[in-house]
Amino acid sequence: MDINFKSAPSPSYVVDERLLVKNLEILKSIQERTGCRILLAQKAFSMFSLYPLIGKYLSGVASSSLFEARLGREKMGREVHIYSPAYNENEFDEILRVSDHIVFNSFSQWRKFREKIGSAPKKIECGIRVNPEYSEVETGLYDPCAPYSRMGVTEANFRPEELDGIDGLHFHTLCEQNSDALEHTLQAVDRKFGKYLKKMKWINFGGGHHITRPDYDIETLVRCILLMKEKYGLQVYLEPGEAVALNTGYLVSTVLDIVDNGMQIAILDTSATCHMPDVLEMPYRPEIIGAGKPGEKAWTCRLGGPTCLAGDVIGDYSFDEPLKVGDRLVFCDMAIYSMVKNNTFNGVGLPAIVSYNDTEGLRTVRQFGYEDFKMRLS
Ligand SMILES: *Cc1c(COP(=O)(O)O)cnc(C)c1O
């Protein structure tokens, strides 16, 4: 590791542009081989200072809200797609202004807004999200096909008589998965909705494709894309979030104190609940450069954050030497679902956002302070 993390602010998210470009090259090669279009799902990674770079490789952005759509329009300026479980009427004119594709979650939403779309100044492509009632996601929190899910239209609720004006279908049922899960899902989609695809222009495979992971089977993905392209003449879209910035970022932190209560506990200047909420929500244990599992190396301790939440614990780790106050710890894979989800609970400040490339080295893009905490309250 050649980045000098000691010279980054603490705490800070550091994104390595070289690793991001590696991921983007993989995604671009899939676009070139298949003619599909790949969008950045901004909900995973919205570091917009890098959107000009990302826009050189990808076709645009997928957005979950008006604000994400607007950010993608302003900062990348390529295709802007939006999907939301329900749109708010008072935002819809602006959504029309910034979006190229609008995906509806129900036929009632489509009925509600279709006239507005017809009279919009530019042509907007519309889609319906379907629920194929097939997924291999095991955690309920991330399974859009769980019983009573609100995500997408099931086969029983599909309204073929209302498809006039609909250009495509969208599904999103994967989460951190390989292409075998996509292949099985696509069979379910084809079985239930294939008869409608004949009349469509595009299909959107959603996100959750872990394409840039070393063991990802790209050939099966390519086969899935070409199948839809050849069988129905469709333009295929993918909108991965994680895969774009997977393993490209770090969270740099500093040890503030070490206490003992039956085991050694280090308190850091970074918090699980504020700065890496997925550690508690997923939950999972992030990797740290140079650290092992508890007991693996000479000195084991628990790492916790500076908030008052008793459960603000990142996990148990071992190190070659006991940690000391002032030591730096670097958490891995912290570009995704981190800065987009962080918060100022307890008045804890937000980590700086830093970028690294070969010509500029470490560059602090943004630092946050008291005003950022105060601004959201009154
Ligand atoms: C979450 C989401 C994505 C991105 O998912 P990743 O797991 O980050 O790839 C894409 N599309 C939709 C509709 C989503 O909800």
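Any read-out appearing in this document is the output of simple, stated calculations on the displayed coordinates, not a laboratory observation. Predicted model only: the values in this text are computed from it and were never measured. Note that we place each Cβ from the backbone using ideal geometry, even for glycine, and neighbour counts take in every protein chain shown.
Here are some notes:
- Between the listed residues His170, Ser119, Phe193, the Cα displaced farthest toward the positive end of the dipole of the stretch 35-245, a dipole computed from Cβ unit charges relative to the Cα centre, is found at Ser119.
- Residues Ser378 and Asp215, FRET efficiency given R0 of 35 Å [Cβ-Cβ distance, rounded to 0.05]: 0.10
- Cα-based shape type of the chain, given that a ≥ b ≥ c are square roots of the gyration tensor eigenvalues and the cut on a/c is 1.5: prolate
- Between helix 66-75 and the chain there is an angle of about 80 degrees, using the helix long axis and the longest principal axis of the Cα atoms.
- Alpha-carbon centroids, the stretch 1-70 and the stretch 105-148: separation in whole Å: 25
- Spin-label model, Ile265 to Arg114: label points 7 Å out along the Cα-to-beta-carbon direction sit 5.9 nm apart.
- Once both labels are positioned 7 Å from their Cα atoms along Cα-to-Cβ, the gap between Val340 and Ile258 label points is 3.7 nm.
- The Cα atoms of the stretch 139-243 give a gyration tensor whose axes a ≥ b ≥ c have a/c of 1.5 or more with a/b no greater than b/c, which makes the shape oblate.
- Across Lys192/Lys341; Lys112/Lys195; Lys116/Lys199; Lys28/Lys231; Lys6/Lys374; Lys75/Lys231, pairs whose alpha-carbon gap is larger than 32 Å: Lys192/Lys341; Lys75/Lys231
- At R0 = 45 Å, FRET efficiency that the Cβ-Cβ distance of Arg223 and Thr364 yields, to 0.05: 0.55
- With a Förster radius of 25 Å applied to the C-beta separation of Asp180 and Met282, the computed FRET efficiency comes to 0.70.
- Between Phe67 and Glu89, the contour length at 0.36 nm per residue exceeds the alpha carbon distance by 6.5 nm.
- Placing unit charges on the Cβ atoms only, positive for Lys and Arg and negative for Asp and Glu, gives the stretch 209-329 a dipole magnitude near 260 debye about its Cα centre.
- The relative contact order of the chain comes to 19 percent, based on Cα pairs under 8 Å that sit 6 or more residues apart.
- Full-extension gain in nm, Tyr196 to Lys56, via 0.36 nm per residue minus C-alpha separation: 47.0 nm
- Between Glu155 and Phe48, the modelled labels are 4.2 nm apart [label points 7 Å from Cα along Cα→Cβ].
- Three-way shape call for the stretch 1-49 based on the alpha-carbon gyration tensor, with the a/c threshold at 1.5: oblate
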